[in-house]
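Chemist: Got a structure for you, questions after.
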């Protein structure tokens, strides 16, 4: 066994240049040598890891330190990945743990280095790691016999996907393979973690779960279930990071993923119903799985479901992304038990006793203080809110694919109660720290930028947006009612004497009859109008901001208001005017919402998005009845917006219309 003193390490790692770089090249060659003593390797791997962490100073995206640059120039990437891949021949069993500790610290050092880099440095380091086969390495580590090494594979992939740009580098096939692997990992329970961290032969792993190596193993291994839950959470953030990219993946990319591995939809739905752990009640694993599903089916912002955005010269135009999304929906609805799984995501939250988990949060906040993480009840309510709005988003989207996907009328009826609950009345949000949990849930919306972009001043668009429940709930239920009316099934529900055979076991037929009663429908329409006005006002408030991000957010809010207005218009059309008096005004609001969205896109010089919104507004204006009282000024303003967008497109060499 080689003896390595602190003085030896000081002389080798911290010598003045050019000696340090020469020393590092020699050191990395030795560390990658399968015949090298593992104790020597682990001591240097640990020291390099700690030095990179010290240089990070808690501030990411500031740029590599001089030590980090020296390590990169000396070949740290190739050396550490080779170290993680190598096996020591005829190793003394007593040294077994040293091998894994060395590999763990070596790969973790690369993640620490990546977190320290600015955007160009992160891209360069990612490319180097990909060239050395880091993805294949991590996929093998996820299946490792030791929970520590599985955690290493998960944490490394999460760093590459969330803190760097792995999602921009992989093919649909590779992305699907990774998502399948991390979902399978997340669905494994904590029993193996608990066993390994309490088995005398493998309990040594517990110390590496804490950054502070002074933590006694006896203290560390008490938290095995929490370790597992945190790693489970990280696994799903990998899937999220692969899809939540700077420019956003095309619908073709996501559709190709689903075609290659349709089982990822089943796995994500299963992950979306992961039970809350008493040791980690604030886990966002299930909510993150829901966001991943939303990312897989997210439409470009200018595609507003239910709105004709075709240009005047081509009324048969259908946006390619819409077609791909419908194809993906067809695959989803062909999966076994898809409807019951979607319903279960909602019912798991609905049936949860919030007082019990709030008590658990209060207890765990003290018990897990050693992790340096804050545990607050609002975090749990936010996660619940995310899951709720994504379910409602899917319900609304499914209504547009109901015929294409052969969704039976009883299946549509089975979703009515969920959408109705999504229309619940709550108090206005008073911020994250309000004690009113339902209000936090009801006002929670998804507006997600790539995680790595939060550390940079670079302008980034949200990769996925979902309106809050108080908007998404009315949108979903109005759309369900519109489809039932289109199928001439809405009024017939009141005359049925028994539940349809295909109705979900979780659905109450008497409740469905109550929801579809004309008086209740009128009340739902009234609520929808109020919520529509609230969302428009919310968009106007954001539009007053002076930053690009204010106009991006306002554009999304206006588009969400437009979708709700379009749903009301569809209900009016398919009920053949039965609720004409109650719905009156929706078409005017639809024109206003689309026009405002177009203006926000123009402010951002997003000419293509602007022209689609403006076309939509113009198309609705042509069919608006006199009773809507739409002023000619609004119609003219939208025509000017089309002209301005066309001018911008032509200046960029893209004559559109």
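Chemist: Which value does Rg/Rh take for the range 1-132 over its C-alpha atoms, Rh per Kirkwood? Please list the in-between numbers first.
Modeler: Values: Rg = 14.4 Å, Rh = 15.0 Å.
That ratio is 0.96, to two decimals.
Chemist: At 7 Å along the Cα-to-beta-carbon direction for both residue 363 and residue 522, put a label point, then send me their distance in nm to one decimal.
Modeler: According to this spin-label approximation, the distance is 5.1 nm.
Chemist: Hey, can you rank 279-292, 510-523, 473-486 by average C-beta count inside 10 Å, highest first?
Modeler: Working: 279-292: 25.2, 510-523: 15.5, 473-486: 26.9.
By packing density, highest mean first, the sequence is 473-486, 279-292, 510-523.
Chemist: Further question: Kindly rank 64-70, 75-81 from highest to lowest mean number of other beta carbons found within 10 Å of each residue. List each step's numbers first, then the result.
Modeler: On the way: 64-70: 17.7, 75-81: 22.4.
Result, highest mean Cβ count within 10 Å first: 75-81, 64-70.
Chemist: While we're looking at this one, here's another question. Work out, step by step, the length gained on full extension between residue 330 and residue 168: first 0.36 nm times the residue separation, then minus their alpha carbon distance; give nm to one decimal. Could the numbers behind the result be given before it?
Modeler: Numbers: separation 162, 0.36 × 162 = 58.32 nm, distance 2.61 nm.
Length gained, residue 330 through residue 168: 55.7 nm.
Chemist: Hey, another quick one. Going by C-beta contacts inside 10 Å, put 209, 193, 613, 246 in order with the fewest on the left.
Modeler: On the way: 209 21, 193 27, 613 33, 246 17.
The most exposed by this proxy come first: 246, 209, 193, 613.
Chemist: Turning to a different aspect of this structure: For helix 338-350, report the angle its Cα long axis makes with the longest principal axis of the Cα atoms of the chain; keep it between 0 and 90° and round to the nearest 10°.
Modeler: The two axes meet at around 80 degrees.
Chemist: Just need the relative contact order of the range 1-132 here, percent rounded to a whole number, with Cα pairs under 8 Å and 6+ apart. Each step should come with its number before you reach the end.
Modeler: Details: 140 pairs, mean separation 44.6, N = 132.
So the answer I get is 34 percent.
Chemist: Run the helix sum for the chain: -39,500 (n - 2.57) per DSSP H stretch of 4+ residues, divided by residue count, reported at 222 nm to the nearest 500 deg cm²/dmol. Don't jump to the answer; show the numbers that get you there.
Modeler: On the way: 32 runs with 416 residues, N = 657.
Computed ellipticity for the chain at 222 nm equals -20000 deg cm²/dmol.
Chemist: Further, regarding this structure: If you rank 379, 580, 129 by fewest surrounding Cβ atoms within 10 Å, what's the result?
Modeler: Details: 379 18, 580 12, 129 27.
Listing 379, 580, 129 from fewest to most nearby Cβ atoms yields 580, 379, 129.
Chemist: Using the 10 angstrom Cβ neighbour count as an exposure proxy, how do 572, 436 rank, fewest first? Don't jump to the answer; show the numbers that get you there.
Modeler: Numbers: 572 21, 436 16.
Going from sparsest to densest Cβ surroundings: 436, 572.
Chemist: Subtract the Cα-Cα distance of residue 654 and residue 143 from 0.36 nm times their separation in residues, and report this length gain in nm to one decimal. The partial results should precede the final answer.
Modeler: On the way: separation 511, 0.36 × 511 = 183.96 nm, distance 4.90 nm.
179.1 nm is the gain from fully extending residue 654 to residue 143.
Chemist: Further, regarding this structure: What do you get for the angle between helix 38-56 and the principal long axis of the chain? Use alpha-carbon atoms, 0 to 90 degrees, nearest ten.
Modeler: 50 degrees
Chemist: Which of the peptides 325-331, 10-16 is most tightly packed, and how do the rest follow, going by the mean number of other Cβ atoms within 10 Å of each residue? Please list the in-between numbers first.
Modeler: Working: 325-331: 19.1, 10-16: 13.3.
In descending order of packing, they fall as 325-331, 10-16.
Chemist: Cα atoms only, the range 252-318: Rg and Dmax in Å?
Modeler: Radius of gyration, then largest Cα-Cα span, for the range 252-318: 17.4, 60 Å.
Chemist: Ok, one more. State, in angstrom, two size descriptors of the range 519-657 derived from its alpha carbons: Rg to one decimal place and Dmax to the nearest whole number.
Modeler: When restricted to the Cα atoms of the range 519-657, Rg and Dmax are 15.6, 54 Å.
Chemist: Where the Cα atoms of the range 182-289 are projected onto their three principal axes, how long is each span, largest first, in whole Å?
Modeler: Sorted from largest, the Cα extents of the range 182-289 read 50, 26, 26 Å.
Chemist: Additional query: Which percent of Cα-Cα pairs in the chain sits in each 10 Å bin, short to long?
Modeler: 3, 14, 23, 23, 17, 11, 6, 2, 0, 0
Chemist: Let me ask you something else. Relative to the longest principal axis of the chain, what angle (0 to 90°, nearest 10) does the C-alpha long axis of helix 518-543 take?
Modeler: 60 degrees
Chemist: Over the chain, calculate the relative contact order: mean separation of alpha carbon pairs under 8 Å at least 6 apart, over the residue count, as a percent. Walk me through the numbers before you get to the answer.
Modeler: Working: 970 pairs, mean separation 64.0, N = 657.
Contact order relative to length: 10 percent.
Every number here is computed from the coordinates shown, using simple stated rules; none is lab data. These numbers come from a predicted model, not from an experiment. Backbone-built Cβ (ideal geometry, glycine too); neighbour counts: all protein chains shown.
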